[in-house]
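The values are calculated or read from the model by the stated rules, or taken from the named source; none is laboratory data. Just so it is clear, the structure is predicted and the values come from calculations on it, not from any experiment. Cβ atoms come from the backbone with ideal geometry, glycine included; neighbour counts cover every protein chain shown.
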Amino acid sequence: MFTQRMKLADVIAANHNIILVLPRFGIPLGFGEKSVKEVCGMAGVPVEFMLMICNLYTFDDYIPDVETFASVDMSRLVPYLTASHHYYTHERLPHIGKHIKHIATGMEPKYGQILKQFYDDFRKEINNHFLCEERYDFPKLQALQKGDMVRSTKSHSEKSHGLLVDKLNDLTQIVYKYLPGNGLPEETMELVFDILQLSSDIQKHALVEEKILIPYMEWLERRER
Amino acid sequence: MKSAVSVLIVEPSDIICRGLRAILEDAGNYNVLAPMHEATMLAERLPAISPDILILNPTLLSSTPKQQLASLSQMRPSMAILALVYQYVESNVISLFSHIVDIRQSSSELLTTLVDVVAETRNEPEKNDTIENYELSDRETDVLVLVAKGLSSKEIADRLSISIHTVNSHRKNITHKTGIKSVAGLAVYAMIHNLME
């Protein structure tokens, strides 16, 4: 498990995917040999919460202890999740979309059309999923954090992550197994890597919601009663 | 009769090594390799000694147990790794192992664990080695087309006059053969293969 006194550089050496987590906390690169605690202190990020995310990203069997929610500053949870959504919807998905559009133009129109359609549908679905969370789950969580009583509603986060990840993985299968070769093999391979990277990050994002967001909301609700 | 299972014990205590060895040799069918008392050179030596089962004291692992275990299984993917426990071991380290041998267990409990492990390791490679037929059967193709059209399993069962259980088993095979799970993905597969008229 990562600790506050470890160098942030060592944490990233152990799991390079954590580099994606830093901008979501507003932590800039160029942190030299500073420890996790020092870097978090400089960026005004609660270090225990940041460690929770890093551990979840790295150790498959890590589950944050519900008891720790009482002592950890969880105020950055919603900003963190919102920043992740923003990264997916404003950076990765448009980037992948651009690749797909370009590759589709080099294909027989029928196949290009099928590919674009699948991706557009997927993007609508994932945008919709994020919107639901931002509109219903996050405000509810923030109200609970302030100590307001909130009418209990079912969370939107739980179900559909698996389906979204399945679709991304299906997309890679379609691209490299089933679509006939096209004139842009290098770009196609780049596309596959981009999708796989996104898929693995979204799986981690789903874990943050499953293992932190939902248990935390439940804990807050129990505390209110 | 299957060939003997070779077991490597990596454990600092000679008493425990010898005890474990005696139990395994009494049971027969186990070929106990010369024990090692530390894990530092383990990964390098694995290819040469090629054990089927590694019984390892987790306290011998380095400060990055997960990575070390991963590199061990990478060196020898077919090998099962068991934790040999009698001291305090951190739970996140223990959870890296699928099987645990506790020296307070009886000999028969220990042997039962090993029989299970052998069964698992012997089954897996056979499964992977068989070249399966990845072409969809005619019936699977029928089911795929109806899935792609958006019908539920119940509707497909009615349409093809088969049980819903059979439909689900076809769907499972389709996903296994194509690697595609979502309905939208299967629809794309069907379109690319000109199955939708």
Residue satisfying all of: in the range A:25-65; in a helix (DSSP H, G or I) and either in the same structural domain as A:Tyr216 (by TED's automatic domain parsing) or of a type in the set (Gly, Ala, Ser) (or both); farthest from A:Thr82 (Cα to Cα) among these: A:Gly41
Pairs, first under 13 Å from A:Pro23 (Cβ atoms) in the range A:73-92, second of a type in the set (Lys, Arg), C-beta under 6 Å, six or more apart: A:Tyr80/A:Arg24; A:Ala83/A:Arg24; A:Ser84/A:Arg24
Of all residues making up the range B:24-42, the number that are closer than 17 Å to B:Ala83 by Cβ and in a helix (DSSP H, G or I): 2
Residue match in the range B:122-137 (condition: of a type outside the set (Asp, Glu), at pLDDT 90 or above and part of a loop (DSSP other than H, G, I, E, B)): yes
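Out of the residues in the range A:156-174 that are more than 10 Å from chain B (Cβ to nearest Cβ) and within 24 Å of B:Thr175 (Cβ to Cβ), state the one that is nearest to the chain's Cα centre (by Cα).
This residue is A:His161.
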Single residue of A:His99, A:His129, A:His85 found to be surrounded by 13 or more Cβ atoms within 10 Å (Cβ to Cβ), in contact with a Phe, Trp or Tyr (Cβ under 6 Å, 6 or more places away or on another chain) and in a helix (DSSP H, G or I): A:His85
Cβ-Cβ under 8 Å pairs, at least 6 apart or on other chains, the range A:134-145 side in the same structural domain as A:Glu209 (by TED's automatic domain parsing), far side outside any helix (DSSP H, G or I) and exposed (fewer than 15 other Cβ atoms within 10 Å of the Cβ): A:Tyr136/A:Thr153; A:Lys140/A:Thr153; A:Gln145/A:Ser75
Residue check, B:Ser98 of a type in the set (Ser, Thr, Tyr) and surrounded by 13 or more Cβ atoms within 10 Å (Cβ to Cβ): no
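Suppose we filter A:Ala14, A:Ala9 for residues that are of a type in the set (A, V, I, L, M, F, W, C) and either within 14 Å of chain B (Cβ to nearest Cβ) or loosely packed, with under 13 Cβ neighbours inside 10 Å (or both); which single one remains? First the steps, then the outcome.
On the way: A:Ala9 fails: either within 14 Å of chain B (Cβ to nearest Cβ) or loosely packed, with under 13 Cβ neighbours inside 10 Å (or both).
The unique qualifying residue is A:Ala14.
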Every residue from the range A:60-82 that is buried (at least 17 other Cβ atoms within 10 Å of the Cβ) and farther than 14 Å from A:Leu213 by Cα: A:Tyr62
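Based on what the data block shows, is B:Lys177 of a type in the set (D, E, K, R), within 12 Å of another protein chain (Cβ to nearest Cβ) and touching a residue at least 24 places away in the same chain (Cβ under 8 Å)? Full working, then the answer.
Details: of a type in the set (D, E, K, R): yes; within 12 Å of another protein chain (Cβ to nearest Cβ): yes; touching a residue at least 24 places away in the same chain (Cβ under 8 Å): yes.
So B:Lys177 fits the description; yes.
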Selection from the range B:43-75 of residues that are of a type in the set (D, E, K, R), modelled with pLDDT of 85 or more and more than 21 Å from A:Met1 (Cβ to Cβ): B:Asp52
